[in-house]
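The values are calculated or read from the model by the stated rules, or taken from the named source; none is laboratory data. Nothing here was measured: the structure is a model prediction, and the numbers come from that model. Cβ: placed from backbone, ideal geometry, glycine included. Neighbour counts: every protein chain shown.
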Amino acid sequence: MESRRNPRAVVDPKVRQVGFFTSSQPDSTHQPDPIASESHPVASSISPSGNSLSPVMIPPPRHNSSDTFPLRAAAAAASAVSPSSFSYSTRRDFPDGSMTASPGRVSRASFSKPSSSLPGVGMDSMAAAKSSSVPASGLTTVSVVNMPPGLSEKESDQKKNSKPLKEKTTKAERRALQEAQRAAKAAAKAEGGKAPLVSSGSVASTNVKAAKPAKPSSQKNDVAVAAPGPSEKKGGQTEKDRKKDAPHPRMQYDDESRVVKAKRRAVVKQTEAKNRVELFRHLPQYEHGTQLPDLETKFFQLDPMHPAVYKVGLQYLSGDISGGNARCIAMLQAFQEVVKDYSTPSEKTLNRDMTAKISSYVSFLIECRPLSVSMGNAIRFVKNRIAKLPITLSESEAKAALQSDIERFINEKIIMADTVIVKHAVTKIRDGDVLLTYGSPTAVEMVLLHAHELKKKFRVLVVDSRPKLEGQLLLRRLIKRGINCTYTHINAVSYIMHEVTKVFLGASSVLSNGTVYSRVGTACVAMVASAFRVPVLVCCEAYKFHERVQLDSICSNELGDPNAISKVHGREDINYLDGLTNNANLQFLNLMYDATPSDYISMIITDYGMVPPTSVPVIVREYQKEHSLV
Amino acid sequence: NYKRYLYQRVFLERLSYWAFVSAAQTLRPIKPPASHYLVFLFNSVSLSPEYSLSTSSPHRSPPSHSHRKMPDVQSMVLEFVNKLRKRKIEGSQATARCTVELLRSVISHHRVPHANQASALIDAVKAVGAQLVAANPVELAVGNVVRRVLHIIREEDLSLATAAVAGLDLLDASDDDEDVNGKGIGYPGMSAAVVAAAARSTLRPPSLQTLLEGTPESATVPYTSSSGADSESKTADKSSITRKLKHDVIEGVNQLIHEIAGCHEQIAEQAVEHIHQNEVILTLGSSRTVLEFLCAAKEKKRSFRVFVAEGAPRYQGHLLAKELVARGLQTTVITDSAVFAMISRVNMVIIGAHAVMANGGVIGPVGVNMAALAAKKHAVPFVVLAGSHKLCPLYPHNPEVLLNELRSPSELLDFGEFSDCLDFGTGSGSPLLQVVNPTFDYVPPSLVSLFITDTGGHNPSYMYRLIADYYSADDLVM
């Protein structure tokens, strides 16, 4: 807030400076170095609460760059007063140096070559604008000689201080005056600078050094390079990282140039389905089953691809492995193989080379089937681990460390997490319950089996839907264990919802707005359940949480095989659409996922405990903190 | 009725489980015929309780006239009852048309006595109607049509009566002029008054007062009795009236047939008022009304896109999609599970009802309630198309269960695949696996935005009144 007020203070100097001038005088009297305090009047005028201390420490600005500094110094001073505003001010600084990547670099530019006229293009223009319109620049430079000259430059000449400059000065005159003042100030600085570190004679180096002592006080922004202040560094880093860390925009398949580019790189030559649903142009849709034999023959030719990864990719493609956990574990195990067989090529470092390798494998897997969020998170983990491998480790040590890391991820984040979820969820099952589940969620299945082992008496309604009919597999497994089951299809869900006491659902991912991204149909079931006032419990491991947000099921989704819809498996009598698959008027839409709004969900059961959907962002944050993924 | 529905439901459920188990166990080796056999088994056995009920119903019907019926009518009725019972007739429109045609032949073959012809006709129609309704209680169109026919009989009778009042008044005047035997003064005057009262009571819209005040039975009876006791000169008149009543009723029934046959066009005519350019419409199940409605809009050069939910396990959506594509509409088939995902991009949900209840609730193909809830959530208009023969004058109680029907589990599960899971259930009594496969879904009136019938668009809250126009109050309970 203070930082926001800064520009106004600068733009409208008359009132402020008058007020300041009087108030700053007593300040300077009891401060050891009046010069310094006067050198940054703006800061003190802006944040009166902090003006007694912070301005004192602010070193005098240097030559040209000083033009811009009142502003930044003020911001910094303000931030020193109220730490909460610190990030704010840095953020505000950021656009100032729009050409540069981070505040840290901005300051480096301004300090490393103080003699050069201007630190950066962006600053240059800004500084020019400032100095031309605003007397604030004069203000700062005046410090040695006197304060008022700066003020007097424009209209408040006839203030209390008697100054030679009474009449309006021309621009040139003002410039000359400024130069003189600056020189004088620099000299004063050099000789009697309050900073003990100042030792060098040259003006330029003086300025650089002068920054150092100032750093701890308040001028964090400007100081980073001279001695990387921890707090500043961190602030800059998080800012930068946050930018980088925000989920990348996904590949949009209606973006032709990118699709062409991606195709060129692709190993899997998928043929695009011709007859597509207009609404889903941005998602890839391929002719299914066409490229599998082709890829299988490539198995022995494909050099750069590790066979384990290749195998997993083909399994994704053919649908042999499905389900978030299964896919993720398969991928991680393949990566373990990769790590085991890895040897660093000469002239390359393990960290970089392996990251590149993993990236290429991942893009192959994406070609086979779009990544699930769980896989994305796991890949992020692996890459992070690789990047953080200490350089000092030998190759074998590094490989062992990586393998154990991956192993640990599988065990902790997936297997252990599931057992914790089961432990939590079982407490919600009581005797006499009628539980409804949809599809074939592994976590829910474990919950049900465990509850059955605990001799709880309950009945399970398995709701299923075309075309995958995964529920039948779950049904079979549950019945084998002797659990009383009722099977129905999703259309009948309102018919059976009367008798249901709880709904247990699985999730492919939980997004940070509480949306549950899951097998298509989950949203229908959750909606009907909430319409019938039946609690909906979602079981999901925390590693599947993601900071992405999503409001509908259209923007990001996955398209399955459209032919699976036209053909009804096991029902030869349903053949109405047999000859029509190539009709331009007829499309088949086989959505794989949908997004359940958080208001249908009563509770999300994770390995961190049972939380309402509103707490998802907390878990996302904690998870990332824990794994230092940020 | 309630008890019977309940019984039926319980029985069907039991039976489906039992049938499932038994079929799975007994027919395991021969897989392909298993499902066929089971469907047959299911249909024939499950309906046996009603069979016994409905075979007894002819005895309940007034025996005085039944023996006079032509034998072919009786056999027609039985044949139709059988068809209904075996669910050979699908769709409420087809059922309604068959029913009304059958009733027409019943009426035309029915020999009307001189006295009480209206009530005799009503009795005859009621007797047949009871049989038909019992044969398929969830096909509400049958009951609706029977009630409609009864209503037609009552109305024709009434209009004849009012015409007779006018005639009698004329006759009265002439009597006064010519005849002086003084006999005519009392009688015709009295009968005219009675007829007028009857006319008044029947013409009034059905309200609580009319229901409590007088029964139309009492209105017709005095009239006929008085006319029966009338003078010789009027008997010729009477017989012509009798013939006229039957003729008029058949005329009315013909009109009803025409109306039922033409309800699609009537509804489709309104399509352009509701469908605009570039609209995205979601529909569900296979309804001829919806098909005609969409095609009518298409013929008027509106271009729009239709999402069709496939409607597992009957896949009626595939059928509808095929028809739509044949007529050149942009059609996308989606799975039922994707209804919620897609509804946010849909402008309107249009479905054809199986029946519309008096409270404005809708019975439709299974899955409709889910679509209605999703539409409500996304504020998408939920439009129900219903011909007038689908308007049922009854208020539903627990319609999800009582007005539902469970179909064969073979549509959901392959017995061959699941036979090994079902091995336990033999001794313990209750099998572990149960399969629920309902046919219908109930949508409460709060989820319906609009009804489009052949008389125009209506709010769900207005349906009771619309329905009251078609039926007379005393036929509600048959």
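Return only the number of the condition from (1) in a loop (DSSP other than H, G, I, E, B); (2) more than 9 Å from chain A (Cβ to nearest Cβ); (3) in contact (Cβ under 8 Å) with a residue 12 or more places away in the chain that B:Lys301 does not satisfy.
Going through the list (1) in a loop (DSSP other than H, G, I, E, B); (2) more than 9 Å from chain A (Cβ to nearest Cβ); (3) in contact (Cβ under 8 Å) with a residue 12 or more places away in the chain, B:Lys301 breaks only (3).
As an exercise: evaluate A:Asn583 against (1) more than 19 Å from B:His318 (Cβ to Cβ); (2) at the interface with another protein chain (Cβ under 8 Å from one of its Cβ atoms) and give the number of the one condition it does not meet.
(1)
Across region A:541-557, what is the number of residues that are out of contact with any strand residue (DSSP E or B) (no Cβ under 6 Å at 6 or more places or on another chain) and either more than 9 Å from chain B (Cβ to nearest Cβ) or more than 15 Å from A:Asn513 (Cα to Cα) (or both)?
Of the residues in region A:541-557, 6 are out of contact with any strand residue (DSSP E or B) (no Cβ under 6 Å at 6 or more places or on another chain) and either more than 9 Å from chain B (Cβ to nearest Cβ) or more than 15 Å from A:Asn513 (Cα to Cα) (or both).
Which ones in region B:281-298 are touching a strand residue (DSSP E or B) at 6+ places or on another chain (Cβ under 7 Å) and facing chain A (nearest Cβ under 10 Å)?
Of all residues in region B:281-298, those touching a strand residue (DSSP E or B) at 6+ places or on another chain (Cβ under 7 Å) come to B:281-285, B:287, B:289-290, B:293-294.
Selection gives B:Leu284, B:Gly285.
Tell me which residues, restricted to region A:470-493, are crowded, with 20+ Cβ neighbours inside 10 Å, hydrophobic (A, V, I, L, M, F, W, C) and more than 9 Å from every other protein chain (Cβ to nearest Cβ).
A:Leu474
Take the residues in region B:311-338 that are within 19 Å of B:Glu299 (Cβ to Cβ) and free of Cβ contacts under 8 Å to residues at least 24 places away in the same chain; name whichever of them is farthest from the other protein chains (Cβ to nearest Cβ). Break it down into steps so the answer makes sense when it comes.
Residues of region B:311-338 that are within 19 Å of B:Glu299 (Cβ to Cβ), as a first pass: B:320-331.
If we keep only those that are free of Cβ contacts under 8 Å to residues at least 24 places away in the same chain too, we end up with B:321-322, B:325-326.
On the way: B:Ala321: 6, B:Lys322: 5, B:Val325: 5, B:Ala326: 9 Å.
Among them, the one singled out is B:Ala326.
Inside region A:584-611, can you point out the residues that are without any contact (Cβ under 8 Å) to a residue 24 or more places away in the chain and surrounded by fewer than 18 Cβ atoms within 10 Å (Cβ to Cβ)?
A:Val611
Report, by residue number, each residue of region B:319-341 that is under 12 Å from A:Ala584 (Cα atoms) and not hydrophobic (A, V, I, L, M, F, W, C). Show your work before the answer.
We begin by selecting, within region B:319-341, every residue under 12 Å from A:Ala584 (Cα atoms); these are B:325-326, B:328-332.
Correct list: B:Gly328, B:Gln330, B:Thr331, B:Thr332.
State which residue is surrounded by the fewest Cβ atoms within 10 Å (Cβ to Cβ) when the search covers only region A:407-447 and only residues that are among the acidic types (Asp, Glu) and outside any helix (DSSP H, G or I). Working first, answer last.
As a first pass, look at region A:407-447 and keep what is among the acidic types (Asp, Glu): A:407, A:412, A:418, A:431, A:433, A:445.
When the remaining residues are screened for being outside any helix (DSSP H, G or I), the result is A:431, A:433.
Details: A:Asp431: 8, A:Asp433: 16.
Out of the qualifying residues, it is A:Asp431.
Pairs under 8 Å by beta carbon, first residue more than 9 Å from chain A (Cβ to nearest Cβ) in region B:358-376, partner part of a loop (DSSP other than H, G, I, E, B) and aromatic (Phe, Trp, Tyr), six or more apart or different chains?
B:Ala358/B:Tyr395; B:Asn359/B:Tyr395
Is it the case that some residue within region A:496-506 is away from chain B (no Cβ under 14 Å) and among the aromatic types (Phe, Trp, Tyr)?
The answer is yes, given that some residue of region A:496-506 is away from chain B (no Cβ under 14 Å) and among the aromatic types (Phe, Trp, Tyr).
If a residue counts only when it is more than 27 Å from the chain's Cα centre (by Cα) and modelled with pLDDT of 85 or more, which helices (runs of 4 or more DSSP H) contained entirely in region A:303-404 have at least 1 such residues? Full working, then the answer.
Details: elements: A:307-318, A:324-340, A:350-368, A:373-387.
Correct list: A:307-318, A:324-340.
Being within 12 Å of chain B (Cβ to nearest Cβ) and assigned to a helix (DSSP H, G or I) is true for just one of A:Ser518, A:Ser530. Which residue is that?
A:Ser530 is the lone residue from the list that is within 12 Å of chain B (Cβ to nearest Cβ) and assigned to a helix (DSSP H, G or I).
Give just the number: which of (1) surrounded by fewer than 20 Cβ atoms within 10 Å (Cβ to Cβ); (2) not assigned by the TED database to the domain that holds A:Gln472 does A:His450 not satisfy?
(2)
Report yes if B:Ile343 is touching a residue at least 60 places away in the same chain (Cβ under 8 Å), under 22 Å from B:Leu256 (Cβ atoms) and within 14 Å of chain A (Cβ to nearest Cβ), otherwise no. Let's see the steps before the verdict.
Values: touching a residue at least 60 places away in the same chain (Cβ under 8 Å): yes; under 22 Å from B:Leu256 (Cβ atoms): no; within 14 Å of chain A (Cβ to nearest Cβ): yes.
Criteria not met by B:Ile343.
Got at least one residue in region B:295-314 being at pLDDT 90 or above, under 18 Å from B:Thr439 (Cβ atoms) and under 22 Å from the mean Cα position of the chain (by Cα)?
Within region B:295-314, not a single residue is at pLDDT 90 or above, under 18 Å from B:Thr439 (Cβ atoms) and under 22 Å from the mean Cα position of the chain (by Cα).
Return the residues of region A:487-506 that are assigned to a strand (DSSP E or B) and over 16 Å from A:Ala523 (Cα atoms); say none if nothing qualifies. Full working, then the answer.
Here is the first cut: in region A:487-506, the ones assigned to a strand (DSSP E or B) are A:487-489, A:502-506.
Residues satisfying the conditions are A:Tyr487, A:Thr488.
Scan A:Asp594, A:Asp573, A:Asp578, A:Asp561 and give me the residue that is at pLDDT 90 or above and charged (D, E, K, R). Reasoning before the result, please.
On the way: A:Asp573 fails: at pLDDT 90 or above; A:Asp578 fails: at pLDDT 90 or above; A:Asp561 fails: at pLDDT 90 or above.
A:Asp594 is the lone residue from the list that is at pLDDT 90 or above and charged (D, E, K, R).
Can you spot a residue in region A:616-630 that is within 11 Å of chain B (Cβ to nearest Cβ) and out of contact with any helix residue (DSSP H, G or I) (no Cβ under 7 Å at 6 or more places or on another chain)?
Within region A:616-630, not a single residue is within 11 Å of chain B (Cβ to nearest Cβ) and out of contact with any helix residue (DSSP H, G or I) (no Cβ under 7 Å at 6 or more places or on another chain).
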